[in-house]
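Single-structure report; data block below.
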Amino acid sequence: MKFFSVLLILCFASSLHAADQKRVKAAYVKGAGYLSGIYSKSAGGQKTLIALAIYKATGSKTSGPVKDSLDHVLERFKDGSYKAGGEHIYEAGIDATFLADIDPAKYQAQIRQIADYIIAMQKPNGGWDYPTTREDPKFNGDTSVIQYACLGLWAAERAAIEIDDKVWRKVLDWHVTYQNSDGGFAYCPRTETGHFRDASTLNMTAAAVANMHIAMLHIEPNFLPLKQELKQNKPEMTEAKGPKFGILEEVKLDPVTKMEADVTIPSKAVSSVRSAFKWLGTRFRVENKESPHNTYYYYTIERMAALADVEKVGSSDWFHSCADYLLSTQKADGSWAESSYFDENYDTAFIVLFLTRSTGKLLKRVDPAPKIGHGLLAGGRGLPDNLTDVDFNGRSVKMKEKPTEPLDILLASLSKTGGLANLDEVQEQIVEKVQLGNREDLIGQVDQLVKLVDHPDPGIRQTVVWALGRTGNMNLAQHLIGKLSDNNLSVMIEARNSLCWISRKPLGFGFQEDPLADLSVNATKEQRQAAIAQWHKNVVLTWGEWYLKNRPFEDRGDAFEAELRQKMDKLKYGF
């Protein structure tokens, strides 16, 4: 469940700028088309960056550039260990990000090797640099290189690879030590050669804020330093961690008591990131002319703002102001040529990653899928774990009140016609009742939920499956296992999501949330059916095995177990 304060901002901003979203999408799709056309002429790390931008813009894992780049990256592991290209940590960070976005479970071994490479390259002071300068005492580290090291390690965490907190604490220590007195950051701070300027820059300060957020969110996933106060060394009720900071929304665990001292972030690091963001806020500009790497700036700003969960930098609406400018500078062929250092290919890739709000979508902090018909979501996705707590009528925003109908009445109304408006409204009220009210109310409604689990209306089944998952009751998991084979895809997806919730496995077993996510809009009926059938087989077999190992002892050997084993054998062996 995300923070409702964030949803207030997102609801208002997305409504205010709704007319611009089509122009933004048209621009980045055109940019991706340009990149696809020139991909074959690219080389080295540029190939992966371009393929990543194409994937983020199109969502296709089967396009020529994406498949070719995947082969290109996997070639780097053929000798049993990761061999970085000429840009070293930069390429490692992008390679890990690309593999984690394409399939974190399938490529976990390769991502682990990249993480090992990055960790081995960390300097004793906590920073990173080019290999030739890593041990040179004249070089303290490169803020830009550090940014891509952090990206690579974040990708590893998304692939369920634990990174020792010591690595992240050293990252924070580096930033505290080498922050300029004005609050900003330089490319190569306090370098004795004098070859690099020590002055704070927009690029590097934004990168530093992003770096520190990645480190902090891995140490304490729920802490956002630009929004929250840090409580130190006090015992408190907090939420135990599951897999950290992943692609899917966090699966919240039951509260447990622990010492905050075990997870505290150094107060100096919190002060550092706040002063850096303040420095950036007073100097933010739409067009960055201080550096020849000015398109790098846009992707860095997008990543920083998504990680920090902020819609404004200073007083500026960073995304819409920059997007308006970039839309005005796009060339007829879909490319951008903004910087004096990069070529058009790099420029276009960085800007496409910015316009797609690549990091924000990864963190699910932007662009929630719109609801369509009977509470089902676009693309066959399930009910949201968060509904906005505001109403926006086109002119003003007001906070929603908690639903006033008791939960039992709301559930009873699901199977009735008339009464409470329509199914969409009832679904929304049930979700809000659970999220904004007392989730314990669900415990007393289990019998009513089970009665509705096979209701003929798929929208009702979907709502019931969502609610069953939020009970956290393992005795009800058999109903979710059963609904993995529902005749409606959205119910199947919701069953899988609810199993992720109950099991505390936010990534499940590595299979996609939506089996149709990679198919183009022009996919044939046969292709869609084949994708669903393969996904169904995968999720039933993996979740079935999990259930058989973990189901309550008193339920073992019952008729449901026998039916499940028979279904799994049929999927495995065809009989």
Work through the residues other than Glu91 whose Cβ is under 13 Å from its Cβ and net out their charges, Lys, Arg +1 and Asp, Glu -1. 0
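Pairs Lys106/Lys567; Lys78/Lys570; Lys30/Lys289; Lys30/Lys170: which exceed 32 Å Cα-Cα? Provide the component values of the computation, followed by the final result.
Details: Lys106/Lys567 25 Å; Lys78/Lys570 37 Å; Lys30/Lys289 25 Å; Lys30/Lys170 41 Å.
Check vs 32 Å cut-off fails for Lys78/Lys570; Lys30/Lys170.
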Amide N of segment 153-191 lying under 19 Å from the label point, which is placed 7 angstrom from the Cα of Ala109 along Cα→Cβ: 156-157, 159-162
For Lys22 and Asp555 in the same chain, what is the full-extension length gain: residue separation times 0.36 nm, less their Cα-Cα distance, in nm? 186.7 nm
Gain upon complete extension [Asn475, Ser315; 0.36 nm per residue less C-alpha separation]: 52.5 nm
Extending each Cα 7 Å along its Cβ direction at Leu548 and Asp518, get the distance between those two points in nm, one decimal. 2.6 nm
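Most exposed first by the Cβ proxy, i.e. fewest other Cβ within 10 Å, how do His320, His293 rank? Don't skip to the answer; put the middle values down first.
On the way: His320 15, His293 22.
Least to most surrounded, the residues fall as His320, His293.
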Contour minus end-to-end for Ala530 and Lys268, with contour as 0.36 nm per residue of separation and end-to-end as the Cα-Cα distance? 88.9 nm
Burial ordering of Glu545, Glu87, fewest other beta-carbon atoms within 10 Å first: Glu545, Glu87
Amide H proximity to Asp182 below 5 Å, modelled H, separation 5+ or other chain, gives none
Please list the non-local residues whose amide H lies under 5 Å from the amide H of Val313, H modeled 1.01 Å from N, same-chain partners needing a gap of 5 or more. Trp318
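Give me Ile119, Ile114 sorted ascending by neighbouring Cβ count inside 10 Å, so fewest comes first.
Details: Ile119 17, Ile114 31.
Ordered by Cβ neighbours within 10 Å, fewest first: Ile119, Ile114.
If I take R0 = 35 Å and measure r between the Cβ atoms of Tyr325 and Lys61 in this structure, what FRET efficiency does the formula 1/(1 + (r/R0)^6) give, to the nearest 0.05?
Values: r = 31 Å, r/R0 = 0.89.
The computed FRET efficiency comes out at 0.65.
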Using each residue's phi in segment 55-64, evaluate 6.51 cos²θ - 1.76 cosθ + 1.60 at θ = phi - 60° and report the 3J(HN,Hα) Karplus result to the nearest Hz, with x for Gly and Pro. 4, 5, 7, 10, x, 8, 8, 10, 5, x
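Each value in this text was obtained by applying a stated rule to the coordinates, not by laboratory testing. All values derive from a computational prediction rather than experimental measurement. Ideal geometry is used to build each Cβ from the backbone, glycine not excepted, and the neighbour counts take in all protein chains shown.
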